[in-house]
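Undergrad: Before I ask anything, here is the structure I am working with.
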Amino acid sequence: MPHADTLAALTQQYLRDLVRIDTTNPPGNEKAAADYIAGVLRAAGVPSKVLESAPGRASVIARLKGDGSLRPLLLLSHLDVVPADPTEWDQPPFAANVVDGYMFGRGTVDTKNLTAVELALMVTLQREGLPLKRDLILAATADEEAGGEMGMNWLLEHHPGELEAEYCINEGGGDGVMLGGRRFYTCQTGEKGVCWMKVTAHGTPGHASMPRADNAVVRLCAAVARAGTAKLPLRKTDTVERLVEAAAALLPAPLAEALRGVLDPAREEEALQLMDGLPQIQALLRATLHDTISPTMLEAGSKANVIPGTATATLDGRIVPGQTPDAFLAEVQELLGPEVKAELLQRSTGYESEPGSPLFDLMAQVLREHDPGSVLAPFLVPGATDGRMLAARGVKVYGFCPLQDEPGWPALEMAHARNERISLANLHFSSAVLYDVVRRFCS
């Protein structure tokens, strides 16, 4: 392994520089970040390509060549970030200030930290000149936060050969928490599908001084409330069952049995109530065991004294692997009732990758070396990543950027949050673990 301080210093420098490049999406403007990465790689002697789907909307791809005896490993991350309101932050969101050992900034957890780690790995392995058995590909993409149409989807349509790989290391997993006296890490081996819907209600327009029974706003709000508060049926997946069993194995018998109860529709609520002191875990289990509906946007009317003839809402639906968008739409339409109409705006299906692979096993082994006694378990991400598009093409995608739990730092709440931040210790831990994983897997 290279000198740990050198690898850590590179990772920290790259993250600082990337955070200071504002790639808020919308509008994105990822080209500045892509050009920065290309410049770093060029200085290290690594060829790369900056590919634009539209002016300013760029992704960057680079490759270290192996001897071809094994198929490639893809290191994936995204360059865009969600908006950040500086007035809500204790530190400027694009300054990368380090305070009390934490680097503050939009993207420090989602997911420029992984970009920095993977970039440091490419530079370090190039400097070492280690013969590789498989190509190592780096892809840092545009537009992931808005669904990937201008990033991963465009790349797969126009440059599919650049991303052909057997395995992919992506965002979405790696968080470690103490459980039963041992640290319990997750590795994303699956994710839910996306079903964004537009819901429309119609009624008779008129003067607001004359209330009407067929008010479009009233119809819409009643329907959205029904859908947004509905608990949809429990849907077990192999990934979540494995996660629950791995966690239960670390707990005393009574707690283990209670945890396993979340997989039983008749016992789920009782089991979840036992986790009232762990609201993050409680919410995560609810989200990964069910299809979900979250109302996110409402639109109606233009004046306070006019009843509008049309009112619309946007629903963010997420479906577990095995569910289809069309079946989910029919289920939601039944909840909404006959007075409103739902239509799909964006759809994708969920996926699960096999956790019993050489890469997954190696990640578990390396974690035990860096954190003795630790356990790695498969994890279903309730959100969506660029990985879903690769999984649809047969790539084995694993979300893995290892982070250790720290007091006062709720890892599961950092992405998209105010005061998003990462400790330098955790950043260095991520780079050390992933260096060992990638080096061994490719050589």
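Throughout, read-outs are computed from the coordinates displayed, never taken from laboratory work. These figures come from a predicted structure and were not determined experimentally. Don't worry about glycine lacking a Cβ; one is built from the backbone with ideal geometry, like all the others, and counts go over all protein chains shown.
Undergrad: Order of 245-256, 320-331, 380-391 by packing, highest average Cβ count within 10 Å first?
TA: 380-391, 320-331, 245-256
Undergrad: Return the FRET efficiency for the residue pair ALA225, HIS202: r is the Cβ-Cβ distance, R0 is 25 Å, and the value is rounded to the nearest 0.05.
TA: Result of the calculation: an efficiency of 0.90.
Undergrad: Continuing with this model, one more query. Mind listing P(r) for the range 325-443? All alpha-carbon pairs, 10 Å bins, whole percents.
TA: Reading upward from the zero bin: 10, 30, 31, 17, 10, 2, 0.
Undergrad: Calculate how steeply helix 112-128 sits against the longest principal axis of the alpha-carbon atoms of the chain, using the helix alpha-carbon long axis, and give the answer as 0 to 90 degrees to the nearest 10.
TA: Helix 112-128 and the main axis of the chain meet at about 20 degrees.
Undergrad: Excluding ASP135 itself, calculate the net charge of residues whose Cβ lies under 15 Å from the Cβ of ASP135, where each Lys or Arg counts +1 and each Asp or Glu counts -1.
TA: Value of the local net charge: +2.
Undergrad: Farthest toward the dipole's positive end in the chain, which of GLN282, TYR351, LEU336, given Cβ charges of +1 (Lys, Arg) and -1 (Asp, Glu) about the Cα centre?
TA: TYR351
Undergrad: State the Cα centre-to-centre distance between the range 244-323 and the range 198-239 in whole Å.
TA: If you average the Cα positions of each part, the centres end up 19 Å apart.
Undergrad: I would also like to ask the following. Using amide H atoms built 1.01 Å from N in the peptide plane, name the residues 5+ places from LEU345, or on other chains, whose amide H lies under 5 Å from its own.
TA: Close amide H contacts, sequence-distant or interchain: TRP196, MET197, LYS198.
Undergrad: When the Karplus curve 6.51 cos²θ - 1.76 cosθ + 1.60 is applied with θ = phi - 60°, which whole-Hz ³J(HN,Hα) does each residue of the range 328-336 get, with x for Gly and Pro?
TA: Values, residue by residue: 5, 4, 5, 5, 5, 4, 5, 5, 5 Hz.
Undergrad: Right, next: Extension gain THR314-LEU412, at 0.36 nm per residue separation less the Cα-Cα distance, in nm?
TA: 32.8 nm
Undergrad: Also: What are the radius of gyration and Dmax of the range 194-347, computed over its Cα atoms and given in Å?
TA: Here Rg and the maximum Cα pair distance are 19.7, 65 Å.
Undergrad: Based on the mean of other beta carbon atoms within 10 Å per residue, what is the order of 155-164, 336-345, 220-229, most packed first?
TA: The most tightly packed comes first, giving 220-229, 336-345, 155-164.
Undergrad: Would you please classify the overall shape of the range 136-240 from the alpha carbon gyration tensor, given that a ≥ b ≥ c denote the square roots of the eigenvalues, rounded means a/c under 1.5, and beyond that prolate means a/b larger than b/c while oblate covers the rest?
TA: oblate
Undergrad: If you don't mind, another one. What's the long-distance tail for the chain, i.e. % of Cα pairs beyond 33 Å?
TA: Of all Cα-Cα pairs in the chain, 38 percent lie more than 33 Å apart.
Undergrad: Roughly how many debye, to the nearest 20, is the charge dipole of the chain about its Cα centre, given +1 on each Lys and Arg Cβ, -1 on each Asp and Glu Cβ, and no other charges?
TA: Using only the charged Cβ atoms, the result is roughly 420 debye.
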